[in-house]
Amino acid sequence: MSKMLVGIDVSLRSHHVQCMDEAGRSLASFSVSNDQNGADTLIKRMLETSEKVNSHILQIGMEATSNLGWHLAHYLKDQLQGYEPKLKAQIYVLNARKVARFPNFNSYTTKKDA
């Protein structure tokens, strides 16, 4: 089963969404309003894109920005459960500062013995 990765940049008035395949190729890029209509549009566009590329797993990552994304994360979880088992959605709420520093945690240099 192929995965579709979805990144959501959460903000007060709108959310920017980037969908890509496992190789990092862009599949869709769009913005939705930060309200229920926007969340419903987001779900519709994710489902259309995943069907177009025959993806059965959605890995959705979004920023942990105070309470702005909290409602969206729970709404997505609730709504996308109705598509299981045909489509599996995994939602990750990420601390943007920690993700940005992630490369610094790797103290090893590029592996050269392979």
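Laboratory data are not the source of any read-out in this text; all were calculated from the coordinates shown. As the structure is a prediction and not an experimental result, all values here were calculated from the model. Ideal geometry is used to build each Cβ from the backbone, glycine not excepted, and the neighbour counts take in all protein chains shown.
List of remarks:
- Sequence-separation-based contact order of the stretch 22-90, relative, with Cα cut under 8 Å and 6+ spacing, percent: 31 percent
- 5 angstrom amide H check on ALA89, placed H, neighbours 5+ away: LEU58
- At R0 = 35 Å, FRET efficiency that the Cβ-Cβ distance of HIS56 and ALA96 yields, to 0.05: 0.80
- Each of THR49, VAL93, HIS15 was placed along the dipole of the stretch 1-102 (beta-carbon charges, centred on the mean Cα), and the one lying farthest toward the positive end is VAL93.
- Stretchable slack from LYS44 to GLN81, in nm (0.36 nm times residue separation minus alpha-carbon distance): 11.9 nm
- Note on the stretch 15-83: with charges restricted to the Cβ of Lys and Arg (+1) and Asp and Glu (-1), its dipole about the Cα centre is near 80 debye.
- Protection-proxy order for peptides 20-27, 4-11, 76-83, each taking the mean of Cβ atoms within 10 Å per residue, highest first: 4-11, 76-83, 20-27
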